[in-house]
1. Pick from region 139-172 the residues that are touching a Pro at 6+ places or on another chain (Cβ under 7 Å) and in a loop (DSSP other than H, G, I, E, B): which of them is farthest from residue 200 (Cα to Cα)?
2. Could you tell me which of the residues 102, 86 is surrounded by fewer than 16 Cβ atoms within 10 Å (Cβ to Cβ), of a type outside the set (S, T, N, Q) and either under 14 Å from the mean Cα position of the chain (by Cα) or modelled with pLDDT under 95 (or both)?
3. Could you give every pair whose Cβ atoms fall below 9 Å, whose first residue belongs to region 51-69 and is within 18 Å of residue 98 (Cα to Cα), and whose second residue is of a type in the set (Val, Ile, Thr) and part of a helix (DSSP H, G or I), counting only separations of at least 6 or pairs across chains?
4. Given the conditions (1) of a type outside the set (Gly, Ala, Ser); (2) farther than 24 Å from residue 34 by Cα; (3) crowded, with 20+ Cβ neighbours inside 10 Å, and given that residue 128 satisfies all but one, which numbered condition is not satisfied?
5. Which of the residues that make up region 175-201 are closer than 17 Å to residue 161 by Cα and either touching a Gly at 6+ places or on another chain (Cβ under 7 Å) or without any contact (Cβ under 8 Å) to a residue 60 or more places away in the chain (or both)?
6. Which of (1) over 14 Å from the mean Cα position of the chain (by Cα); (2) basic (Lys, Arg); (3) at pLDDT 95 or above does residue 27 not meet, given it meets every other one?
7. Can you name the residue in region 167-221 that is closer than 30 Å to residue 142 by Cα, over 23 Å from the mean Cα position of the chain (by Cα) and not aliphatic (A, V, I, L, M) and is also surrounded by the fewest Cβ atoms within 10 Å (Cβ to Cβ) among such residues?
Amino acid sequence: MTGMGAFERDLLEQLPLILAGLEQTLKLAVFASVSGLLFGIIVFYFSISQRKIVRTVVKAYISFFIGMPLIVLLFLMYYGLPQWGIKCSPFTVALIGFTMNIAAYNAAYLSTAFNGLDRAELEAARAQGFSTFKIFQHIILPQVLRQSIPALTNQCIGNLKDSSVAFLIQYTEFFARVQELASTNFQFFKAYLFAAVVYLCLVSVIVLVARQIERRFLIPS
């Protein structure tokens, strides 16, 4: 059987496992994107606190997790924490690690958008007796989220692509299954090309959805 025939045969045989791996990839990417956004909003909220010590701590958090390579963080949690008696499943480690990392980036995006807000609007809200949380909830957050749609979209794309490193902590996602496929017939180029096409299709879907969201919610410059 030709090389192409052998690869197609193995691909069809392992397709159920590959699809199961793709499901795990999407599960991690979606869960991490949502949790990272929610936690990022919390981090952003404290980053604009009136208390300097709180802002300093949050700034240190953002700097640390943006500067920390994601794979190093995952290795520290998956291989390091068990030495302290803390052992979690690969998915739990991946979700926590991704969330902390993503939240730092999202908080930075929201902070950048916040710097462009009209301060007179915020002062007017304070003069009307709005509490700090109400100002954040009704004025700040809606605007910074809308202004940050392009950056948040790029982050979601990055989350999907970065999910491929989770196989290094034994999380059997899509790329791990492709690795198994490649090791079966040693058609590494074809296997990785197949993976690239799948990732490209998934990213294209995210981009199309994001464009629709931008048209509806993005504030014109």
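The values are calculated or read from the model by the stated rules, or taken from the named source; none is laboratory data. No experiment lies behind these values; they were computed from the predicted model shown. Here Cβ is always computed from backbone atoms with ideal geometry, including for glycine, and neighbour counts include all displayed protein chains.
1. Step by step, filter region 139-172, then rank; the result is 170.
2. None of the other options fit; the residue is 86.
3. Every condition considered, the pairs that remain are 58/43; 61/43; 62/43; 65/102.
4. It is condition (3) that residue 128 fails.
5. Matches in region 175-201: 176, 177, 179, 192, 193, 195, 196, 197, 199, 200, 201.
6. (1)
7. Of everything passing the filter in region 167-221, 220 is surrounded by the fewest Cβ atoms within 10 Å (Cβ to Cβ).
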